[in-house]
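The values are calculated or read from the model by the stated rules, or taken from the named source; none is laboratory data. Here the structure is a predicted model, which is why all the values come from computation and not from measurement. All Cβ positions, glycine included, derive from the backbone under ideal geometry; neighbour counts span all protein chains shown.
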Amino acid sequence: MKKIATIILCAMALSLSAQHSEIVKVTTSKLQWFEDAKLGIFIHYGIYAVKGVSESWSFYSGKISKKDYFDQLNSFTAKNYRPDEWAKLFKETGAKYAVLTSKHHDGVALWDTKLNDLSVVKKSPAARDLITPYAQALRNEGLKVGIYFSHLDWSHPDYATVFNANTKQRPASYNIYDFPKSGVEDTVRWNNFVAFRNAQMKEIQELTNPDLWWFDGDWTRNSKQWKMKELRQEILLWNPKTILNSRMMGYGDYATPEQGVPIVGQEGPWELCMTINDSWGFQHNDNNHKSVNYIIRIFADCISMGGNLLLDVGPMEDGTFTQAQIERLKGLGRWTKKHAEAIYGTTRGLPFGHFYGPTTLSKDKKTIYCFVLDIPKDDVVIKGIQNKIKQVRLIGTNETLANKRVGGASWLNIPGVLQVSLPADKLDENVSVVAIDLETPLELYRGNGGAIQNN
Ligand code: GLC
């Protein structure tokens with residue numbers, strides 16, 4: 001009897017773990033394209049480009065009056081908006097996806113929402129849906145479609161109607177656009193707002209069927225108030241393959257550090273979003289652009305630590321990019337094209353200590369890619385590789401590179417240091433990449449050098 005019960009229990013456990021691994025498999029394959037993509041383009045496009053003020057925040061923080069802010073609607077033309085040209089440019093950059101602000105915190109929709117009048121379609125000379133042609137153009141170029149959407153909406157009459165349930169008091173970050181003036185919770189109106197958010201998302205879903213929802217503005221309420229769990233379920237009913245960023249209070253698929261380049265890559269998928277200058281949207285006075293070289297170095301850092309880079313650009317109100325932005329995108333594109341092998345379809349690289357710079361690894365673990373950030377004074381060195389080296393190459397050229405092992409303690413299984421000579425005249429104008437092809441999948445020595453008494 002006891003034996004039968006044990007057999008039944010084992011069978012149940014087996015089937016449960018099979019179910020579990022099924023779930024894990026589905027989730028992993030859902031994120032596969034994202035993890036292989038490495039580079040995406042973020043686009044903050046909205047009425048804020050007219051005066052070149054910060055997106056939504058400028059009226060929230062009183063830098064400009066609400067009236068002056070929304071007056072920008074009258075001059076938002078999108079007259080040179082050519083999403084097919086955007087898509088071609090993003091593809092040339094080496095990006096595999098893009099994310100467009102369908103609605104920022106100001107509440108202005110870039111599509112023809114039927115739920116209120118606050119859209120560039122009804123209220124601006126642009127007078128047309130901007131997100132459907134964007135999605136179409138990206139797909140025509142084989143790029144994945146990301147949609148940015150702000151949970152909070154500083155224009156909706158029912159948004160500022162509920163205190164944060166955690167405090168039940170006026171929060172320190174009190175602002176009339178976020179919280180009610182009185183202490184009365186109006187949950188009926190809050191529920192109206194959440195239904196409005198969901199209904200707007202449904203409209204976007206039907207127009208674009210996004211591959212990725214990039215949420216923002218979740219910080220003012222808790223996940224219960226936002227009904228995040230239900231929202232996640234709903235989105236996955238619409239399309240089970242959709243990927244959600246982390247601004248879902250624990251119900252997203254990947255982490256989204258912002259502006260601050262991580263020092264240590266987190267576990268699991270992540271994406272750093274970073275502006276090309278200092279602003280998310282277009283600002284006439286912001287000429288503090290990052291150099292192509294700097295962007296490449298940060299990009300190499302991200303992929304080396306298992307993440308993606310989502311590089312942000314802000315089109316002018318007419319829908320075109322400035323020359324400064326185009327130059328950077330194209331400069332990055334020159335480099336990603338030449339070094340594609342070291343970027344796409346690779347995984348995070350070696351742990352710190354083996355090479356002084358970013359690295360990636362081929363999926364079969366038989367090639368290590370070392371990103372040489374500066375022109376070296378001497379040979380570059382890679383430490384701790386146990387494997388036999390097949391050859392060493394300089395990516396983007398036909399060069400194989402002279403290399404040798406120096407030192408090591410074979411009786412302790414400590415490999416010698418690999419030294420690779422780089423031909424100065426063959427180096428890339430930005431970052432050069434050395435590929436080390438191994439006979440067998442990578443094995444690393446991670447020890448402390450051993451003790452002399454073992455000699
Ligand atoms: C921040 C900013 C917002 C911007 C976003 C992009 O949340 O507040 O304006 O759109 O970052 O990640």
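Take the conditions over 30 Å from Gly331 (Cα atoms) and modelled with pLDDT under 95 and apply them to Gly384. Does it pass?
No: the conditions fail for Gly384.
Looking at the stretch 199-222 only, could you name the residues that are modelled with pLDDT of 95 or more, surrounded by fewer than 15 Cβ atoms within 10 Å (Cβ to Cβ) and not acidic (Asp, Glu)?
Matches in the stretch 199-222: Ala199, Lys202.
Applying the selection to the stretch 275-303, what residues are of a type outside the set (D, E, K, R) and within 16 Å of the ligand (Cβ to nearest atom)?
Thr275, Ile276, Asn277, Ser279, Trp280, Gly281, Phe282, Gln283, Ile298, Cys302
Quick test for you: out of Asp218, Asp211, pick the one residue that is touching a Lys or Arg at 6+ places or on another chain (Cβ under 7 Å) and either of a type in the set (S, T, N, Q) or within 16 Å of the ligand (Cβ to nearest atom) (or both).
Asp218
Please verify whether the stretch 281-289 includes one or more residues that are small (Gly, Ala, Ser) and within 29 Å of Phe193 (Cα to Cα).
Yes, that holds for at least one residue.
Let's see how each residue does on (1) more than 16 Å from the ligand (Cβ to nearest atom); (2) among the β-branched types (Val, Ile, Thr):
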position: Phe42; (1), (2): no, no
position: Ile47; (1), (2): no, yes
position: Tyr69; (1), (2): no, no
position: Asn74; (1), (2): yes, no
position: Ala78; (1), (2): yes, no
position: Phe90; (1), (2): yes, no
position: Lys96; (1), (2): yes, no
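When the stretch 242-260 is examined, which residues are found to be in a loop (DSSP other than H, G, I, E, B), of a type outside the set (Phe, Trp, Tyr) and in contact with a Ser or Thr (Cβ under 9 Å, 6 or more places away or on another chain)?
Ser246, Arg247, Met248, Met249, Gly250, Gly252, Asp253, Thr256, Gln259
Are there any pairs, at least 6 apart or on different chains, whose C-beta atoms fall under 7 Å, with the first in the stretch 177-196 and closer than 14 Å to Trp226 by Cβ and assigned by TED's automatic domain parsing to the domain that holds Ala160 and the second assigned to a loop (DSSP other than H, G, I, E, B) and small (Gly, Ala, Ser), and if so, which?
Asp178/Ala160
Quick check on the stretch 275-295. Is at least one of its residues in contact with a Pro (Cβ under 8 Å, 6 or more places away or on another chain) and not in a loop (DSSP other than H, G, I, E, B)?
No.
Exactly one condition in (1) under 18 Å from the mean Cα position of the chain (by Cα); (2) of a type outside the set (Val, Ile, Thr); (3) part of a loop (DSSP other than H, G, I, E, B) is false for Phe352; which is it?
With respect to (1) under 18 Å from the mean Cα position of the chain (by Cα); (2) of a type outside the set (Val, Ile, Thr); (3) part of a loop (DSSP other than H, G, I, E, B), Phe352 is out only on (1).
Here are the criteria: (1) surrounded by fewer than 22 Cβ atoms within 10 Å (Cβ to Cβ); (2) under 29 Å from Ala49 (Cα atoms); (3) touching a Phe, Trp or Tyr at 6+ places or on another chain (Cβ under 8 Å). Tell me which single one Gly331 does not satisfy.
With respect to (1) surrounded by fewer than 22 Cβ atoms within 10 Å (Cβ to Cβ); (2) under 29 Å from Ala49 (Cα atoms); (3) touching a Phe, Trp or Tyr at 6+ places or on another chain (Cβ under 8 Å), Gly331 is out only on (3).
Return the residue satisfying two criteria in turn: it lies in the stretch 311-328 and is of a type in the set (A, V, I, L, M), farther than 21 Å from Val120 by Cβ and out of contact with any strand residue (DSSP E or B) (no Cβ under 7 Å at 6 or more places or on another chain), and of such residues it is surrounded by the most Cβ atoms within 10 Å (Cβ to Cβ).
Ile326
Does Leu272 fit the bill of being modelled with pLDDT of 95 or more, more than 16 Å from the ligand (Cβ to nearest atom), surrounded by 13 or more Cβ atoms within 10 Å (Cβ to Cβ) and not in a loop (DSSP other than H, G, I, E, B)?
Criteria not met by Leu272.
Kindly list, by first and then second residue, each pair from a residue in the stretch 40-66 that is farther than 11 Å from Gly281 by Cβ to a residue that is within 12 Å of the ligand (Cβ to nearest atom) and hydroxyl-bearing (Ser, Thr, Tyr), limited to pairs with Cβ atoms under 6 Å and residues at least 6 apart or on different chains.
Ile64/Ser58
Kindly evaluate Leu231 against the criterion of being over 25 Å from Asp106 (Cβ atoms), out of contact with any strand residue (DSSP E or B) (no Cβ under 6 Å at 6 or more places or on another chain) and either without any contact (Cβ under 8 Å) to a residue 12 or more places away in the chain or outside any loop (DSSP other than H, G, I, E, B) (or both).
Criteria not met by Leu231.
Going by the structure shown, is Ile263 over 26 Å from Thr113 (Cα atoms), more than 16 Å from the ligand (Cβ to nearest atom) and not in a helix (DSSP H, G or I)?
Judged against the criteria, Ile263 is a match.
If the Cβ limit is 6 Å and pairs must be 6+ apart or interchain, which residue in the stretch 245-258 that is away from the ligand (no atom under 12 Å from the Cβ) pairs with which residue that is aliphatic (A, V, I, L, M)?
Met248/Met228; Met249/Met228; Tyr251/Met228; Gly252/Leu244; Asp253/Ile243; Asp253/Leu244
What strands (runs of 3 or more DSSP E), lying completely within the stretch 359-455, carry at least 3 residues that are surrounded by fewer than 17 Cβ atoms within 10 Å (Cβ to Cβ)?
In the stretch 359-455, 403-406 are the strands (runs of 3 or more DSSP E) which contain 3 or more residues that are surrounded by fewer than 17 Cβ atoms within 10 Å (Cβ to Cβ).
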